1. For chain B, what is Rg from Cα atoms divided by 2.2 N^0.38 Å, rounded to two decimals?
2. List the residue ranges in chain B for DSSP H helices whose C-alpha atoms run 18 angstrom or more along the long axis and whose Kyte-Doolittle average is -0.5 or above.
3. Would you mind pulling out the separation of the Cα centroids of the stretch A:185-211 and the stretch A:109-158, in Å?
4. Stokes-Einstein at 20 °C, 1.002 mPa s, Kirkwood radius from Cα pairs: D for the stretch B:94-220 in µm² s⁻¹?
5. Pick from A:129, A:253, A:190: which is most flexible by mean-square fluctuation in a GNM of chain A where alpha carbon atoms under 10 Å apart are linked?
6. So what does log10 I(q)/I(0) come out to for the stretch A:176-250 at q = 0.15, 0.18, 0.27 Å⁻¹, using the Debye formula with one equal point on every Cα and no solvent?
7. Give me the mean projected area, in nm² to one decimal, of the convex hull enclosing the Cα positions of the stretch A:17-96.
8. Between B:183, B:120, B:59, which gets the highest mean-square fluctuation from a Gaussian network model of chain B, Cα cutoff 10 Å?
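The values are calculated or read from the model by the stated rules, or taken from the named source; none is laboratory data. Predicted, not measured: the structure shown is a model, and the values here were computed from it. Please note: Cβ atoms are built from the backbone with ideal geometry, for glycine as well, and neighbour counts cover all protein chains shown. When the accessible area is computed, the model is the full protein with side chains, heavy atoms only, and any ligands, DNA or RNA have been set aside. Shrake-Rupley method; radii C 1.70, N 1.55, O 1.52, S 1.80 Å.
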Amino acid sequence: MEQTLEVVNLQKKYTDFTLDNISFSLPRGFIMGFIGPNGAGKSTTIKLIMNLIRKDAGKINVFGLDNTSHEQNIKEKIGFVYDENHYYEELTPIEIRSIIAPFYSRWDDSAYDGFLRSFALPQKKKLKTFSRGMKTKLSLAVALSHGAELVLMDEPTSGLDPVFRREILDILRDLLQDERKSVLFSTHITSDLDRIADYITFINRGNIIFSAERDVILDNYGLVKGNNELLDERTREQFVGIRETSLGFEALTKNIQKARNLLKERAVVERATLEDIMLYTVKGEIK
Amino acid sequence: MILLIKKDLLIQKRSFLFLFIYGLFLFVLFNNPVFEEMIYIMGMIIGVYFFLITANMEDEKNKSEILLNSLPVSRSCIVLAKYLSVFVYICIGALFLGMAGLIFQLPVIPVTPRLLKATDLLAVIFLISIAVSIYFPLYFRFGASALRLFSVVFFLFFFFVPRWLFELYLAYEETEALLFLKDIIAQSPLLPAVVVLLTSFLLLTCSFLLSQRIYLRKEF
């Protein structure tokens with residue numbers, strides 16, 4: 001399968017944080033949810049892909065090309081939506097276009113106008129009058145108006161109210177039917193990915209916990225609920241994380257089938273959500 | 001490159017109005033023999049300062065370095081555009097102050113300043129080249145906000161320098177060294193222009209290379 005993005009043994013060290021030899025790849029035409037708690041290394045990874053910060057080691061290939069030596073060619077085909085607005089607040093969407101469009105050889109004016117209309121963004125109002133959701137929509141309009149083949153989205157829904165979040169996700173789902181486009185969507189709100197992600201990469205404390213197809217992950221991980229008497233050394237070994245209360249326990253397993261075979265009818269074993277997976281993996285044992 | 005310069009102008013449309021009004025005030029406020037000779041030079045220096053600082057502050061206020069560095073444009077190009085934009089600001093300053101100076105030639109206005117001369121432009125190019133050669137490496141290293149107070153004091157210094165230099169010149173006008181210099185200039189009138197432009201070019205080139213080195217290593 002053709003890979004749009006390949007990250008291999010990527011490393012970046014700070015005094016208080018290390019992105020530790022992470023690897024994952026995003027096939028062409030798919031949407032990857034990049035999940036992890038705040039401070040896990042999601043933004044650092046995206047900044048490294050965009051060459052906004054320098055890597056200490058490893059390799060990043062975008063469209064099969066090294067992201068530093070072919071930076072301009074690559075960026076020509078990347079659309080980006082960051083967690084906050086970086087466009088000039090004193091300008092209108094029309095003026096933003098006059099600044100941004102000439103940088104891209106494949107800029108499409110009619111597509112941009114179409115997005116502004118369908119996102120109900122006023123063309124002649126200054127950005128400073130826009131709400132956070134409107135600014136995110138504008139970033140999305142710019143990102144999708146120059147024939148980008150990879151769209152990087154760094155926490156685009158953070159800080160948005162549920163209505164705006166749903167709206168942004170619906171827009172994304174409708175727009176990203178194009179099979180040439182790949183999307184890396186970073187978020188700590190895992191429910192955002194329920195309906196749109198094909199792949200999930202989970203990062204925690206600078207390490208990749210897993211990177212696989214979403215359905216495979218959700219088919220394998222399970223949430224086990226039962227009485228505390230079931231918890232012995234053998235059962236505990238099956239769990240990634242456990243939450244124990246006086247009423248019983250709730251635990252996450254990586255192998256739902258194995259847990260079912262082991263516990264049979266003595267416990268309830270159900271599919272885990274991405275939120276369950278993230279919570280139990282990050283927290284481990286919760287008492 | 002041109003796109004980045006155009007961007008710096010677009011984000012500060014109000015600066016044009018400021019420059020024109022400021023030009024008009026300047027001719028009224030500094031309408032005296034002490035400042036008359038230096039009025040265009042001082043005016044253009046403040047004009048360039050205003051455009052430059054406004055563009056940089058707007059970039060910083062909107063955290064637009066991240067935006068610019070996400071576009072298909074090289075970091076060297078971003079740095080070079082900042083240096084070249086200074087010359088665009090000098091041209092805008094010359095145009096607006098020149099126009100303001102022309103308006104004051106109307107017989108109904110009691111104040112009549114002299115007109116803009118080529119030597120004014122030459123002096124501005126020289127002084128601004130020195131100023132931005134120092135300012136830009138610091139800007140690319142520390143950012144506009146961190147340098148806010150420094151840049152006000154720094155450019156004010158360059159605002160008053162022409163006047164001090166002129167006073168110095170008047171004080172030592174009859175000394176042997178200055179007479180010798182005047183003699184050389186009289187024999188080859190283009191020499192000062194060549195020296196000024198070459199020195200400016202050298203300064204700016206060295207400063208650009210330093211800024212480029214800083215910016216290429218910068219992390220956002």
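1. Values: Rg = 18.8 Å, N = 220, 2.2 N^0.38 = 17.1 Å.
Chain B yields a ratio of 1.10.
2. On the way: long enough: B:14-29 (22 Å, 2.17); B:39-61 (32 Å, 0.94); B:75-103 (42 Å, 1.85); B:118-142 (35 Å, 1.75); B:148-171 (35 Å, 1.61); B:191-217 (39 Å, 1.56).
Long hydrophobic helices here: B:14-29, B:39-61, B:75-103, B:118-142, B:148-171, B:191-217.
3. If you average the Cα positions of each part, the centres end up 23 Å apart.
4. On the way: Rh = 17.6 Å.
After rounding, the answer is 121 µm²/s.
5. Looking only at A:129, A:253, A:190, the biggest GNM fluctuation is shown by A:129.
6. -0.71, -0.89, -1.27
7. On the way: hull surface 28.4 nm².
So the mean shadow area of the Cα hull is 7.1 nm².
8. Among B:183, B:120, B:59, the largest mean-square fluctuation in the Gaussian network model of chain B belongs to B:183.
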